[in-house]
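To start, the structure itself, in structure tokens.
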Amino acid sequence: MTDQTAETPPTVKLAPGDIVAIETPSGTRHLQVTHARAPYPDVIRAIHPGDGTDPDTIAAGKTAFAAMVELSRSLAENPETTSVIGRADIPEGCRDYPTFRVPIRNKAGDIVYWWTWDGEGLSVAPPATDADMPLREIVPMETLRARLSEL
């Protein structure tokens, strides 16, 4: 009898500028890695679908949303539905680390106020926190796929 151990897929190292294609029920959607800062997950910008298929044209597309996502595992385990297709310059307006909002909840689970996080530190948000600001959460791959499918 031989000792068989499950092989762990190799980790895919992503870098800012990488363009990733993800298959969704609505077709192929693209995102771009904008920041890779350990120990945090990659920060991505989802890109509205356009006519181009080359990385530079895709990267020039409008940002739909930003999120924190663990992409390396999906790339390693699901190469048939998730793949790096190239690298392109990050648009000027997407180069700064995005500010995320963090809800602070009471014991009942109600949001009592918000903090913002800029990748470096937390600060109390103004009372009217911008709802367009992404939540500081790690978005699961299936949730990301569903959101991309809606674009």
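Just so you know, all these numbers are worked out from the coordinates, no wet-lab data involved. Note that the coordinates shown come from a computational prediction; the quantities given were computed from them, not determined experimentally. No Cβ is skipped: glycine too gets one built from the backbone with ideal geometry, and neighbour counts run over all protein chains shown.
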Summing -39500 (n - 2.57) over the DSSP H runs of n ≥ 4 in the chain and dividing by its residue number, what mean residue ellipticity at 222 nm do you reach, to the nearest 500 deg cm²/dmol? -3500 deg cm²/dmol
Just to check I understand the Karplus step: with θ = phi - 60° and J = 6.51 cos²θ - 1.76 cosθ + 1.60, what whole-Hz values come out for the range 139-147, glycine and proline as x? 7, x, 4, 5, 5, 4, 4, 5, 5
Counting all Cα-Cα pairs in the chain, those more than 20 Å apart amount in percent to 53 percent
In whole Hz and in residue order, list the ³J(HN,Hα) couplings for the range 77-85 that follow from phi through the Karplus curve 6.51 cos²θ - 1.76 cosθ + 1.60, θ = phi - 60°; x for Gly and Pro. 8, 10, x, 6, 10, 9, 8, 7, 10
Treat the range 66-110 as a sphere of radius equal to its Kirkwood radius over Cα pairs and apply Stokes-Einstein at 37 °C in a medium of 0.692 mPa s; give the translational diffusion coefficient in µm²/s, rounded to a whole number. 229 µm²/s
By per-residue mean of other Cβ atoms within 10 Å, what is the highest-first order of 78-85, 29-36? 29-36, 78-85
Any chance you could run the full-extension gain for Glu23 through Glu137? It's 0.36 nm times the residue separation minus the Cα-Cα distance, nm to one decimal. 38.8 nm
Using 0.36 nm per residue of separation minus the Cα-Cα distance, give me the extension gain between Thr81 and Tyr97 in nm, one decimal. 3.0 nm
